[in-house]
Amino acid sequence: MTPPGPGAKEAAGGALAVRVRYFAVLRERKGVDEEQVELLPGETLAALYARLCPAGPEGRLPVAFARNLAYARGDERPQDGDEVSFLPPIGGG
Amino acid sequence: MMLKIVHGPIDVALVRRAVDQPTAGAVLVFEGVGRQDHDGRRVVRLAYEAYAEMAEPVMAEIAAEIGARWPGARVAIVHRTGEVAIGEPSMVIAVSTPHRAECYEASRHAIEALKARLPVWKKEIYEDGSAWKANTPAGRG
């Protein structure tokens, strides 16, 4: 498990937390555009997504991962204070 | 450089002026505009949503790639959010370069890169519902 970053603060019980942003169809499903979430120990972005957005009968929406305003891999482990997002298929332009 | 998400109509002339430079011999302006028919379903209007804090760094990255690959190129990119009428531009890309060949190449690179990477989402609104629509490979979206 990667150690906490230099800015890490510890909530009660030592839990680390991230700001999760939701957009488009995920924002509609969750009913919020963001939330603060405590991480499970060693939790990856992919695992966090599976926990926060469980698959429905139609399956799980494929997403790209973002961490601190840049694309990230699903196997990355977010750090305390990070901003993360799960990006549905994009449609800009 | 003008690289931004805006909420409201895009001033196309302003985006064009943002790439003025005395060394430019060629300028191209690309506008992505709302299209009425999609898969035979009539689109009444479009709605765009952006992760603006991430979209602007992605625009900057693409502009830097263009500057590195086509030295002397200058780029401006503006994407709007909110509701957009059919025929109105949702995104404007202006590119200026010393010579015309680079201008076409750089402009094409910009639109393809933005379509592939910009964290922006499009909703098509029909008379009887709506749907989020993802980009498809070159020119068939």
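Could you give every pair whose Cβ atoms fall below 8 Å, whose first residue belongs to the stretch B:89-111 and is farther than 22 Å from B:P22 by Cα, and whose second residue is of a type in the set (S, T, Y), counting only separations of at least 6 or pairs across chains?
What qualifies is B:S90/B:Y48.
Would you confirm, using the coordinates I've provided, whether B:Y51 is closer than 15 Å to A:A24 by Cβ and among the aromatic types (F, W, Y)?
Taking the combined requirement at face value, the residue satisfies it.
Of all the residues that make up the stretch A:38-56, how many are over 14 Å from A:D80 (Cβ atoms) and part of a helix (DSSP H, G or I)? Steps first, please.
Narrowing the stretch A:38-56 to residues over 14 Å from A:D80 (Cβ atoms): A:44-47, A:49-56.
When the remaining residues are screened for being part of a helix (DSSP H, G or I), the result is A:45-47, A:49-52.
Going through the stretch A:38-56 one residue at a time, the tally reaches 7.
Are any residues in the stretch B:64-103 farther than 21 Å from A:A24 by Cα, small (G, A, S) and within 12 Å of the chain's Cα centre (by Cα), and if so, which ones?
Answer for the stretch B:64-103, where residues must be farther than 21 Å from A:A24 by Cα, small (G, A, S) and within 12 Å of the chain's Cα centre (by Cα): B:A76, B:A94.
In the stretch A:21-37, what count of residues is obtained for those that are at the interface with another protein chain (Cβ under 9 Å from one of its Cβ atoms), in a strand (DSSP E or B) and open to solvent by 70 Å² or more (accessible area, probe 1.4 Å)? Before the answer, list the steps.
First, pick out the residues of the stretch A:21-37 that are at the interface with another protein chain (Cβ under 9 Å from one of its Cβ atoms): A:21, A:23-25, A:27-28.
Within this subset, residues satisfying the condition of being in a strand (DSSP E or B) are A:21.
From what is left, the residues that are open to solvent by 70 Å² or more (accessible area, probe 1.4 Å) are none.
Of the residues in that region, 0 qualify.
Using the structure shown, decide if B:E49 is within 14 Å of chain A (Cβ to nearest Cβ), charged (D, E, K, R) and touching a Phe, Trp or Tyr at 6+ places or on another chain (Cβ under 7 Å). Give the derivation first.
Working: within 14 Å of chain A (Cβ to nearest Cβ): yes; charged (D, E, K, R): yes; touching a Phe, Trp or Tyr at 6+ places or on another chain (Cβ under 7 Å): yes.
In short, yes.
Filter the stretch B:96-122 down to residues that are touching a Lys or Arg at 6+ places or on another chain (Cβ under 8 Å) and more than 10 Å from chain A (Cβ to nearest Cβ), then give me how many there are. Outline the logic, then answer.
The initial filter retains those residues of the stretch B:96-122 that are touching a Lys or Arg at 6+ places or on another chain (Cβ under 8 Å), namely B:96-97, B:106, B:109, B:122.
So of that shortlist, the ones also more than 10 Å from chain A (Cβ to nearest Cβ) come out as B:96-97, B:106, B:109.
Total meeting the criteria: 4.
Given A:G91, A:G74, A:G81, which one is surrounded by 14 or more Cβ atoms within 10 Å (Cβ to Cβ), part of a loop (DSSP other than H, G, I, E, B) and within 14 Å of chain B (Cβ to nearest Cβ)? It would help to see each step written out before you state the result.
On the way: A:G74 fails: within 14 Å of chain B (Cβ to nearest Cβ); A:G81 fails: within 14 Å of chain B (Cβ to nearest Cβ).
That would be A:G91, the only listed residue that is surrounded by 14 or more Cβ atoms within 10 Å (Cβ to Cβ), part of a loop (DSSP other than H, G, I, E, B) and within 14 Å of chain B (Cβ to nearest Cβ).
For the stretch A:38-70, give me each residue that is out of contact with any Pro (no Cβ under 8 Å at 6 or more places or on another chain) and free of Cβ contacts under 8 Å to residues at least 12 places away in the same chain.
Listed by number, the residues that qualify are A:L40, A:A47, A:A50, A:R51, A:P54, A:A55, A:G56, A:P57, A:E58, A:G59.
If a residue must be under 25 Å from A:F86 (Cα atoms) and touching a Leu at 6+ places or on another chain (Cβ under 8 Å), how many such residues does the stretch B:100-140 contain?
Number of matching residues: 5.
From the list B:I125, B:I93, which residue is more than 10 Å from every other protein chain (Cβ to nearest Cβ) and at pLDDT 95 or above?
On the way: B:I93 fails: more than 10 Å from every other protein chain (Cβ to nearest Cβ).
Matching residue, one of B:I125, B:I93: B:I125.
I'd like to know if the stretch B:64-83 contains one or more residues that are within 11 Å of chain A (Cβ to nearest Cβ), touching a His at 6+ places or on another chain (Cβ under 6 Å) and β-branched (V, I, T). Steps first, please.
First, pick out the residues of the stretch B:64-83 that are within 11 Å of chain A (Cβ to nearest Cβ): B:77, B:79-81.
Add one more test, that the residue is touching a His at 6+ places or on another chain (Cβ under 6 Å), and what stays is B:81.
From what's left, β-branched (V, I, T): B:81.
Yes, the stretch B:64-83 contains at least one residue that is within 11 Å of chain A (Cβ to nearest Cβ), touching a His at 6+ places or on another chain (Cβ under 6 Å) and β-branched (V, I, T).
The values are calculated or read from the model by the stated rules, or taken from the named source; none is laboratory data. Computed from a predicted structure; not experimentally measured. For neighbour counting, all protein chains shown are included, and Cβ atoms are generated from backbone atoms with ideal geometry for every residue, glycine included. Just the protein is used for accessible areas: all its heavy atoms, side chains included, with ligands, DNA and RNA removed. Shrake-Rupley method; radii C 1.70, N 1.55, O 1.52, S 1.80 Å.
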